[in-house]
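Input: a single structure, listed below in structure tokens.
Read-outs throughout are calculated quantities, based only on the coordinates presented, and are distinct from any laboratory measurement. The model shown is predicted, which means the values in this text are computed figures rather than measured ones. Every residue, glycine as well, gets a Cβ built from its backbone with ideal geometry; the counts of neighbours run over all protein chains shown.
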Amino acid sequence: MSETVRTHARVRASELVGRNWLNTGGKSLDLEALRGKIVLLDFWTFCCINCLHVLDELRPLEEQYSDVLVTVGVHSPKFEHEADPVALAAAVERYEIHHPVLDDPELDTWKAYTARAWPTLVVIDPEGYIVAHLSGEGHADGLAVLIPELIAEHEAKGTLHRGSGPYVAPEATSGTLRFPGKALFLPPGRGSTAVAGTSDAGSSPDAAAKGSWLVTDTGHHRLVELGTDFTTVLATFGSGTKGHADGPAAGDDATARFNEPQGLVLLPEDVAAKAGYDVVIADSVNHRLRGLSLSSGKASTLAGNGIQRLLETGPARVDEEAAGFTGRLGGHPLEVSLSSPWDVVWSRKLNAVVVAMAGTHQIFSFDPLTGAVSVVAGNGLEGLLDGPAHEAWFAQSSGLAEDADGNIWVADSETSAIRKLVVGEDGSVTVESAVGKGLFDFGFRDGPAAEARLQHPLGVTVLPDGSVAIADTYNGAVRRYDPASGTVSTLARGLAEPSDVIVDHTQSAGSEPLLVVVEANKHQLVYVPIPKEAQQVDEGASQTQRPKSPVASGPLELTVRFTAPTGQKLDDRWGDPTQLKISSTPPELLVSGGGTSVGLLRTLELSPDVPEGVLHITARAAACDGPETEDGEIPDHAACHLYQQDWGIPVVLQADGDTELVLDLRGMD
């Protein structure tokens, strides 16, 4: 970003205010203590998949410029649970954040910097002035241009101070498992314990006869096979070093690498025999699906090129097809881009692995025999909208389970919802919601499903009676939804961020089966009985306490600011390369101005009869790398980039409210 871009009046950065600091050795920081450094504020919340993407985008920059760049994570919680300092400390450890983090539970610093979306990045120069305000993800390339410019500028002025930053590593806490994600039961004869060389010394034929549990040891970047006592380690898969590598995964000679693996599914025996592997793994941060052969102990890559999927690939134009429902994706499966696959389940009706593609808010499928990767449901927009598969909205779906009728239940975490994919005999899919209201509604309430509330559920399983058990993660509970009665009840509570729940038919308490719960923040698996009479809980319904923007009824002028990075040019080869898609909750809030059209300016008409609601705004822009040709055109071989950000803007209508709304897709100060 050149000097010619940064032409606005200099704005002094606001002070960093919050409850506490993490990763500083107990010290509090202020901007004065950071003077002389380039400061990058990363406004994030640990539930947000886009925020997790940004953490990984920033790591190379933090390493390259460690003597001049200080990243400060400003944790501005969306959910009530995220305001718990213990939960935040666990998240900072879980995601291996190696920079100071400001705990901002009241959103004081969030409001001071007028952040409107997770994630938001703000760059502060060594003199304490704001030079960039960026929404969403995908800004690493732009920052890689801006940071050297700031270094050169402030070295020349004598205002840049080189040296170590204020980060202090915390003490790690974990045991055999570290923040486990998902678990899978391996029945007798299908585990690795029968294979010489894959089992640890503590295994035995008796252990193999009982079956075993395969667990994604997410924080250790590996898989662990446990006995049914949850303590005996039968085998490990993966070297335990973060990364991506295929090959031998078992034993001391393992060279295979994973990066925060999550969901697991055991293929049907006949499919596994033809495919050559037994287990499909959602390797989340690698943006890949991996295969594991339990007989050979080898790992392989099944789908994904390791490049995070943002929008549909192809020419850098922005239209409905770019982010919309496309069905089967062309090309070799190793050439397809995926985005944070979080869970996997086998679908009998689709005869394929169904994938919760959390990063694009969609449901994919993968055929182990043909390698075909397809979009099953979701158009890529974030929210809660039912209907035909290609029109449905999801929000960071993170858990999957198939029921006896072949339908797929979905834990849709960011809407605190339980959704269902109704799969027809012909493979058609319709999306329904069982529990949940929207992106900003959550709570801990049992009762009729329309009034019940969850808080960021990550796991789901189908119980023997056809009801659905839910890992209600941020409520620390296991909940139950009964489709027959349309009610929600509580099975267990007091758990530390349960991330998965599975029925274990091999154990029983009396005549009832047991549930296996992956208790992520206690680094363990535990058994939970299924009581005949579930507990009843009503601790109320809540909404995310983001500030509501006061707006006036009538015309509202919307402007989304976007500046292409230095060395890029808006891709206008197919017309206007920008687009806005706008809707509202409730729909009656928008009298006019909704829908999709090109351009980043729009006049909305807000109804005087709706006191408050949420504006859902998606902005997109396409730009390509230079240099330009002599006639100013983008060369055919240029690399192109798509920028996108979704906002859910809570608004309250009042007579003296704003008549303009300005958002930054990529703004420079």
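Structure summary
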{"read-out": "Relative contact order (percent, whole number), the chain, Cα cutoff 8 Å, 6+ residue spacing", "value": "10"}
{"read-out": "Segment Glu106-Asp656, length gained on full extension (0.36 nm per residue, minus Cα span)", "value": "195.5 nm"}
{"read-out": "Ranked His287, His99, criterion: other C-beta atoms within 10 Å, fewest first", "value": "His99, His287"}
{"read-out": "Karplus-derived HN-Hα couplings along segment 111-117 (A = 6.51, B = -1.76, C = 1.60, θ = phi - 60°), whole Hz, x at Gly and Pro", "value": "5, 4, 9, 6, 5, 10, 8"}
{"read-out": "Under 18 Å from the Glu391 label point (7 Å along Cα→beta-carbon), backbone N, segment 409-427", "value": "420-424"}
{"read-out": "Under 5 Å, built H, 5+ apart or other chain: amide partners of Arg493", "value": "Val478"}
{"read-out": "Which label in (1) 24.8, 80; (2) 27.1, 92; (3) 24.5, 74 gives the computed Rg and Dmax of the Cα atoms in Å", "value": "(1)"}
{"read-out": "Dipole of segment 548-669, positive end: most advanced residue of Thr578, Pro565, Ala552 [Cβ charges, Cα centre]", "value": "Ala552"}
{"read-out": "Signed unit charges on C-beta, dipole axis of the chain, positive-most listed residue Val271, Leu642, Ser365", "value": "Val271"}
{"read-out": "Label-point separation in nm, Thr506 to Val86, each point 7 Å along Cα→Cβ", "value": "3.2"}
{"read-out": "Ala140 versus Thr173: modelled label distance in nm, points set 7 Å from Cα along the beta carbon direction", "value": "3.1"}
{"read-out": "Dipole in debye (nearest 20) - segment 304-427, about Cα centre, beta carbon charges: Lys, Arg +1; Asp, Glu -1", "value": "260"}
{"read-out": "Other-chain or far-sequence residues with amide H under 5 Å of Asp572's (modelled H)", "value": "none"}
{"read-out": "Long-range amide H partners of Val336 with built H, under 5 Å", "value": "Gly304, Asn305"}
{"read-out": "Helical contribution to [θ] at 222 nm, DSSP H n ≥ 4, -39,500 (n - 2.57), averaged over the chain, rounded to 500", "value": "-3000 deg cm²/dmol"}
{"read-out": "Pair Glu127, Asp609: separation of 7 Å Cα→Cβ label points (nm)", "value": "5.5"}
{"read-out": "Stokes-Einstein D in µm²/s, Kirkwood radius over Cα pairs - segment 548-669 at 4 °C with 1.567 mPa s viscosity", "value": "83"}
{"read-out": "Degrees, to the nearest 10: 49-64 long Cα axis against longest axis of the chain", "value": "70"}
{"read-out": "Residue list for segment 108-129, given a label point 7 angstrom along the Cα-to-Cβ vector of Arg10 and an amide N cut-off under 17 Å", "value": "123-129"}
{"read-out": "Percent of Cα pairs exceeding the 14 Å cut-off, where the set is segment 407-448", "value": "51"}
